[in-house]
Amino acid sequence: MSSIKILEKKGTKEILLGNEAIVRGALESGVQFVSTYPGTPASEIGNTFWKISNLKLSGSPKSAPRIWGRSQISNLNLYFEFSTNEKVALEVAAGAAFSGQRALVAMKHFGLNVASDFLMPLVYSGVRGGLVIVVADDPGCSSSAQSEQDSRAYSYLAHIPTLTPATPQECKDFVKFAFEISEKYKIPVMIRTTTRVALQTGPVKLGKITRGQRKGKFVKDVNKFVTMPPRVLEMHEELLDKIEKIRKEVSEKSNINKIQNSNAKSKTKIKTQNPKAGIIASGVSYLYAMEAVKELGLEIPVLKLGFFYPSPANKIKKFIKPLKKVLIVEELEPYIEREVKRLAKDVNCKLEVIGKDLIPEVDELHPEIVLQAVAKLTNKNYQLPTANYKLKTINRSPQLCPGCPYWLVFSGIKTALKEMNLSEKDVVFGGEIGCYMLAGVPPHFLQDYLYCMGSDVGIAHGIKKASKNKQKIIAFVGDSSFFHAGIPALINAVHNKSNPLIIIMDNGTTAMTGHQPHPGIARTGMGEKVPKIKIEDIVRACGVKNLKVIDQGNQKEFVKTIKEFLNKKEVSVIIAQRPCIFVK
Amino acid sequence: MEKDFNIIISGVGGQGIITLTRILSEAALIEKKDVKTSELHGLSQRGGSVETHIRFGKEVYSPLVRQAGADLIISLEAQEALKSCYYGSRKRTVFLVNEFVKPIFGSTTIPLQKIKKELEKFSKKVILIPATRILKEKLNNPILAGIYLLGYANCKKLIPLKERSVSKALEKVIPKEYLSINKQAFNLGKKYESCDCSSRSRDSDASSN
């Protein structure tokens with residue numbers, strides 16, 4: 001099966017997802033420590049490590065691939081965990097990297113926001129063993145709510161070297177390269193993918209899996225690991241020097257930033273032709289650009305940037321110097337475009353830089369958009385077919401699975417309100433990220449706001465205070481979300497004398513992203529048995545007096561409790577405990 | 001120059017669309033073609049609309065099929081086929097549609113014949129097959145509709161891949177315990193109207209059953 005394919009032997013070509021190729025790249029680099037918090041479009045990275053780690057424990061000869069017997073799998077010498085949130089995931093991975101091992105941490109774009117507090121000083125200090133941070137953005141929001149964040153902003157904010165692969169093959173190769181850079185320059189390196197890279201499949205040529213052999217040991221060095229002023233200012237300076245070094249020695253020289261003379265018979269021909277127009281692209285946008293060049297039969301130079309930061313300034317200058325115009329193809333923010341405009345001032349101030357005027361800043365790109373832009377750039381006539389759809393269908397919104405325990409929560413709330421002579425209009429419903437955000441779709445309509453994990457209770461508390469307690473609020477929090485970021489907000493609400501009703505939707509798993517374990521479950525990511533950390537114990541310890549753990553299958557009790565708790569003067573919490581239908 | 005072949009598979013989450021996508025891409029790899037696919041995970045898998053892209057040929061860059069660029073659109077749910085019209089063109093596209101209809105909350109279900117009429121504007125040929133119904137009757141396993149349509153498409157040369165490659169790919173992708181029933185569904189699909197379907201006219205072919 002697909003995730004085990006990544007353990008196939010060297011030399012074979014396998015079709016892998018971008019995310020699976022990232023795992024293979026890490027295994028070929030001798031990675032010894034991996035942490036993550038699940039989040040689509042990055043989930044399969046953690047899931048694949050999870051699968052491998054459990055394969056090792058169970059060692060079932062049936063599930064193990066042909067060439068990997070039990071002993072070889074346990075030979076990987078790999079530690080893997082699902083951390084409580086992305087910040088913790090980055091911290092634990094950094095701890096391993098400080099101790100000299102190679103570590104990888106994977107998360108979705110919003111996860112990087114959570115982790116960013118630690119990321120900033122981490123890049124200052126740097127690491128000992130290689131540390132690679134994989135971040136998956138989701139232009140078009142096909143698999144995530146919240147926002148269309150372009151995480152490349154963090155490259156500038158944190159000064160973290162950033163690579164942007166386009167294909168699964170590059171996902172694997174770039175991870176290996178990232179470990180090399182990280183270790184050589186003692187700095188964490190970021191791999192930034194997008195949905196259409198992470199969830200793209202394509203053939204990947206496999207290399208040799210390397211067993212990590214390093215014994216981890218933290219060697220004290222206050223000069224390196226303590227970010228206190230005045231030392232921290234020196235660190236800042238050292239970091240900027242490091243980045244300049246990486247720019248000169250790696251970014252400018254590496255062939256992951258390369259000029260592709262597509263369809264040209266020879267390189268010299270293009271040179272002598274003195275091309276008028278060129279294209280600069282990175283990530284999946286590069287693939288759309290190449291597709292357009294192929295489709296239009298163009299002979300036009302394309303500069304592919306595998307390195308986003310630090311950018312190969314001289315290479316870009318050389319590329320744009322002879323051009324009259326250049327098209328920048330990138331999704332979301334015009335970061336490369338701005339960089340090119342800045343560099344053009346030095347070498348070719350008449351250069352026409354075309355970017356966001358033809359390439360939209362909102363939503364993900366599609367090949368036909370890029371095709372149109374490239375046609376325009378090269379004055380080719382290309383008319384896309386005008387579609388005339390008469391029959392339109394409503395978009396089929398996702399649904400809770402049949403038999404999902406959340407149905408019973410939503411129906412219970414509706415019954416309770418009816419019995420209290422209240423309507424859904426009389427109560428504000430706070431949502432969070434997880435399957436339960438389907439509270440917002442028909443037939444439920446029980447979601448009045450939705451932001452990030454951990455935000456729900458805080459917002460509820462603010463609304464309560466602002467309305468002088470006049471508005472009733474029910475805030476939904478998932479079990480994994482509660483561990484992720486729900487606890488500080490709960491303590492805050494109790495301490496500041498608020499009184500929303502919080503329903504913790506405890507289905508015993510991280511359902512939406514693929515049923516990963518969390519601290520409320522008796523298994524770790526490695527498959528080891530551990531005692532459950534009980535949500536009710538934590539809630540009680542936070543000072544919540546009105547607390548009930550109910551299986552919402554018992555509707556009578558559930559409805560009665562909602563009615564009672566909605567009128568409480570203090571914070572009240574119902575833990576609606578009924579397992580996801582996919583939990584064994 | 002060998003042209004790329006572009007397939008869209010559409011349907012509803014839980015219909016085995018990703019598995020079907022994997023089988024096709026493995027088959028292309030077996031024939032030493034370059035291949036790219038694109039799929040979406042997460043929320044869309046919870047019974048929402050699902051659409052995957054498969055492209056193979058000598059050298060494939062984009063993982064996405066462009067507008068009006070599909071050679072074959074396989075829809076496992078008839079209303080979802082309408083959404084795939086974006087990728088259809090009168091010049092090159094064949095629609096292979098499962099007659100199965102899953103109602104959408106808050107919307108009246110569009111009759112099959114109306115759907116077919118619309119699809120015809122965006123394709124050179126529309127083939128409707130009651131795969132779900134047949135599989136329910138014959139194997140008591142409607143979930144394999146995609147494999148059934150794959151068998152049909154492969155046999156009728158709607159996909160430029162050898163049957164041997166597709167069969168090998170099935171063995172690679174499908175877990176051992178489900179392989180035999182998948183092969184049964186595949187073979188049933190091959191036999192659908194197998195007598196003289198290719199010689200029939202376009203209309204009778206499309207409106208059979």
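Coordinate-derived values only; no laboratory data. Quick caveat: nothing in here was measured; it's all calculated off a predicted structure. Note that we place each Cβ from the backbone using ideal geometry, even for glycine, and neighbour counts take in every protein chain shown.
Dipole size of segment A:406-577 about its Cα centre, with +1 on Lys/Arg Cβ and -1 on Asp/Glu Cβ: approximately 580 debye, rounded to the nearest 20. Charged neighbours of A:Gly458, selected by a Cβ distance under 12 Å, balance to 0 (K, R count +1; D, E count -1).
Can you tell me how segment A:406-577 classifies by the Cα gyration tensor, rounded, prolate or oblate, using a/c under 1.5 as the rounded cut?
prolate
Hey, got a sec? Which trypsin sites (Lys or Arg not before Pro) in segment A:444-525 land in a DSSP loop and have at most 13 other Cβ atoms within 10 Å?
Here the trypsin sites (Lys or Arg not before Pro) that fit, given the DSSP loop and packing criteria, are A:Lys468, A:Lys470, A:Lys497.
Take every Cα pair under 8 Å whose residues are at least 6 apart in sequence, average their separation, divide by the length of chain A, and the relative contact order is 13 percent. Ranking B:Ser62, B:Ser49, B:Ile110 by Cα position along the charge dipole of chain B, where only Lys, Arg, Asp and Glu carry charges on their C-beta atoms, puts B:Ser62 farthest toward the positive end. Annotation: the antiparallel percentage among DSSP beta bridges lying fully within the protein assembly as shown is about 30. According to the square roots a ≥ b ≥ c of the eigenvalues of the Cα gyration tensor, what is the shape class of segment A:405-494, taking rounded for a/c under 1.5, prolate for a/b larger than b/c otherwise, and oblate for the remainder? Oblate is the answer for segment A:405-494, as a/c is 1.5 or above yet b/c matches or exceeds a/b.
The phi torsions of segment A:159-173, fed into the Karplus equation with coefficients 6.51, -1.76 and 1.60 and a -60° offset, translate into couplings of 6, 10, x, 9, 10, 10, x, 10, 10, x, 4, 5, 3, 5, 4 Hz, rounded to whole numbers, with Gly and Pro shown as x. The Cβ shell under 14 Å around A:Met107 holds other residues with a net charge of -4, Lys and Arg each +1, Asp and Glu each -1.
Amide H contacts under 5 Å for A:Arg396: B:Ser49, restricted to partners 5 or more places along the chain or on a different chain, H placed in the peptide plane at 1.01 Å from N.
When only the Cβ of Lys, Arg, Asp and Glu is charged (+1, +1, -1, -1), the dipole of segment A:283-411 relative to its Cα centre reaches about 480 debye.
Checking every one of the GluC sites (Glu not before Pro) in segment A:478-584 against DSSP loop status and a limit of 15 other Cβ atoms within 10 Å picks out A:Glu528, A:Glu570. Exposed loop sites are taken as GluC sites (Glu not before Pro) in a DSSP loop (any state but H, G, I, E or B) with at most 14 other beta carbon atoms within 10 Å; the longest stretch of chain B without one runs B:60-209. Among the trypsin sites (Lys or Arg not before Pro) within segment B:9-41, those in coil by DSSP and having at most 15 neighbouring Cβ atoms inside 10 Å are B:Lys32.
When peptides A:501-513, A:201-213, A:134-146, A:109-121 are ranked by their average number of other Cβ atoms within 10 Å per residue, the highest-first order is A:501-513, A:134-146, A:109-121, A:201-213.
Taking the number of Cβ atoms within 10 Å of each Cβ as an exposure proxy, the fewest-first ranking of B:His41, A:His159 is A:His159, B:His41.
For A:Ile191, the residues 5 or more places off, or on other chains, whose built amide H falls under 5 Å of its own are A:Ile133, A:Val134, A:Val135, A:Leu163. Close amide H partners of A:Gln200, meaning residues 5 or more places away or on another chain with modelled amide H under 5 Å apart, are A:Gly18, A:Asn19. With a cut-off of 14 Å between beta carbons, the residues surrounding A:Gly440 carry a summed charge of -3, where Lys and Arg count +1 and Asp and Glu -1. Counting Cβ atoms of other protein chains within 10 Å of each residue's Cβ and taking the mean over peptide A:9-20 gives 2. Mind running the shape call on chain B? Use the C-alpha gyration tensor, a ≥ b ≥ c as the square roots of the eigenvalues: rounded below 1.5 for a/c, prolate if a/b tops b/c, oblate otherwise. Cα axes put chain B in the rounded bin. Each residue of segment B:110-122 was assigned a 3J(HN,Hα) from its phi angle through the Karplus expression (A = 6.51, B = -1.76, C = 1.60, θ = phi - 60°), giving 7, x, 4, 5, 5, 4, 4, 4, 5, 4, 4, 6, 10 Hz with x at Gly and Pro. Take each residue of peptide A:190-203, count the partner chain Cβ atoms within 10 Å of its Cβ, and average: the result is 5. Per residue of A:395-405, other chain Cβ atoms within 10 Å of the residue Cβ number 5 on average.
Residue separation of A:Asn567 and A:Val226 scaled by 0.36 nm, minus their Cα-Cα distance, works out to 117.8 nm of gained length. Across segment A:523-537, computed HN-Hα scalar couplings (Karplus, 6.51 cos²θ - 1.76 cosθ + 1.60, θ = phi - 60°) run 9, 8, x, 7, x, 7, 7, 9, x, 5, 9, 7, 4, 5, 5 Hz from first to last residue, x flagging Gly and Pro. Projecting the Cα atoms of A:Val134, A:Ser29, A:Phe174 onto the charge dipole of segment A:2-251, computed from C-beta unit charges around the Cα centre, puts A:Ser29 farthest toward the positive end.
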